[in-house]
1. For B:72, A:49, A:103, write out the residues from largest to smallest accessible area, computed with a 1.4 angstrom probe and no ligands counted.
2. For residue A:31, list long-range residues whose amide hydrogen, built 1.01 Å from N in the peptide plane, is under 5 Å from its own amide hydrogen.
3. Kindly provide the Kirkwood hydrodynamic radius of the protein assembly as shown in Å, to one decimal, from all pairs of distinct alpha carbon atoms.
4. Sort A:57, B:68, B:101 by heavy-atom solvent-accessible area, probe 1.4 angstrom, most to least.
5. By its C-alpha gyration tensor, with a ≥ b ≥ c as the square roots of the eigenvalues, how is chain A shaped: rounded for a/c under 1.5, else prolate for a/b larger than b/c, else oblate?
6. Beyond a 25 Å Cα-Cα separation, which of these cross-linked pairs lie in this structure: A:57/B:81; B:76/B:101; B:81/B:101; B:68/B:101; A:57/B:101?
7. Once the Cα gyration tensor of the stretch A:1-68 is diagonalised, what are the square roots of 5 times its eigenvalues, in whole Å and ordered largest first, as equivalent ellipsoid semi-axes?
8. Between chains B and A, what is the buried accessible area summed over both chains (1.4 Å probe, protein heavy atoms, nearest 100 Å²)?
Amino acid sequence: KAGVTQTPRYLIKTRGQQVTLSCSPISGHRSVSWYQQTPGQGLQFLFEYFSETQRNKGNFPGRFSGRQFSNSRSEMNVSTLELGDSALYLCASSLVSRAGGVYEQYFGPGTRLTVT
Amino acid sequence: GQNIDQPTEMTATEGAIVQINCTYQTSGFNGLFWYQQHAGEAPTFLSYNVLDGLEEKGRFSSFLSRSKGYSYLLLKELQMKDSASYLCAVSQAGTALIFGKGTTLSVSS
């Protein structure tokens, strides 16, 4: 079974620009979560999507947004980029039901975003 | 507030046993996860605990005490390839995970 894929793997943007990152979950996984990883803050939860609906949201400004399509693929968008947005953005998919429960997440390789 | 603490760095030698501790204070608790992350790679799942006690999985074991807000990951028969960052994470709602900053383990021969 193919793993979680993320595109692009590397990206360089300028302050003030916007960026869109893409994530394709493992086949059959309907939950997709996004995380930001930086050396100073570690891994921080951005948001989770399930069946095209945002289920949970972390403590990030509104410049960070996302969406999920009917095939479970997800995108996240960051508008008005700041230098501090330079990070590794990880997507994780999970086999989870509406009823909840605890499920392991499978991470993609990440997109390394550099803002100059 | 939400707080997950784990040591920043640990060192050990090949063949030894190492225990990586994690303490947490979170507003909710659904389960505790351990992930391994090699430099430049994505985190990979190691184990999770929902109930108190020890979960064993080959060379890796994880323990949870919910009343104490405490977990540890035990790695036995250490190998050089175990050099990595080990991340403790608490699940609160859905699949949202709150991560600690990770423990960098260096295994030497």
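1. Details: B:72 40, A:49 15, A:103 80 Å².
Reading off the accessible areas and sorting them downward yields A:103, B:72, A:49.
2. Close amide H contacts, sequence-distant or interchain: A:94, A:96.
3. Numbers: mean 1/r = 0.0556 Å⁻¹.
Hydrodynamic radius (Kirkwood, Cα pairs) of the protein assembly as shown is 18.0 Å.
4. Values: A:57 105, B:68 160, B:101 130 Å².
Accessible-area ranking of A:57, B:68, B:101, largest first: B:68, B:101, A:57.
5. Values: a/c = 1.83, a/b = 1.68, b/c = 1.09.
The shape class here is prolate.
6. Numbers: A:57/B:81 35 Å; B:76/B:101 22 Å; B:81/B:101 21 Å; B:68/B:101 20 Å; A:57/B:101 20 Å.
Result: A:57/B:81 exceed 25 Å.
7. Details: eigenvalues 87, 50, 33 Å².
After diagonalising the Cα gyration tensor, the semi-axes are 21, 16, 13 Å.
8. Values: alone 5960 and 6270 Å², together 10630 Å².
Summing both sides, the interface buries roughly 1600 Å².
The values are calculated or read from the model by the stated rules, or taken from the named source; none is laboratory data. Just so we're clear, the structure is a prediction, and the values are computed from it rather than from any experiment. Just the protein is used for accessible areas: all its heavy atoms, side chains included, with ligands, DNA and RNA removed. Shrake-Rupley method; radii C 1.70, N 1.55, O 1.52, S 1.80 Å.
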